[in-house]
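Participant: Dropping a structure here in structure tokens format, bear with me for questions.
Where a number appears in this text, it was derived from the coordinates with a stated rule and is not lab data. As the structure is a prediction and not an experimental result, all values here were calculated from the model. Counting neighbours? That spans all protein chains shown, and the Cβs are built from the backbone with ideal geometry, glycine included.
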Amino acid sequence: CVAAMSRAVKQPVGQKRLTNVAVVRLRKGGARFEVACYKNKVLDWRHGAESDLDEVLQTMTVFDNVSKGVVAKDNVLQKVFRTLDQEVICKLILAKGELQVSESTSTRSECRR
């Protein structure tokens, strides 16, 4: 019975899978910060059509690298943004950051022209 249990597939428990992700990246203070968002909602938020941050962001977390799931360290956030308030930092990144478009999305938009 023990041998059968050891062959069980182990799934990562704390890992959150982000799908349909657009990344907004901001370089500040010599570091890179990213937030995971919905692409169309970022554009709506920047134009004032969307005001609910929960509709724009996939998660209210600041990352060093979204694709690898590396969360930004608190001491770096405090040093660069002078706050640990994730909502404040996310708003700043959304406002001033650069929207990263995936290669497949940019190829599709070029084909429509």
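Participant: Under a plain spin-label model, where a point goes 7 Å from the Cα along Cα-to-Cβ, how far apart in nm are residue 40 and residue 91?
Facilitator: Spacing of the two 7 Å Cα→Cβ label points: 2.6 nm.
Participant: Of 73/96; 28/91; 39/79; 41/96, which ones are farther than 23 Å apart at the Cα?
Facilitator: 39/79
Participant: Right, here's the next one. With a Förster radius of 25 Å, plug the Cβ-Cβ distance of residue 49 and residue 84 into 1/(1 + (r/R0)^6) and report the FRET value to the nearest 0.05.
Facilitator: For R0 = 25 Å, the calculated efficiency reads 0.30.
Participant: If you don't mind, another one. Would you kindly state how much longer the chain becomes between residue 70 and residue 27 on full extension, computed as 0.36 nm times their sequence separation minus their alpha carbon distance, in nm to one decimal?
Facilitator: 13.9 nm
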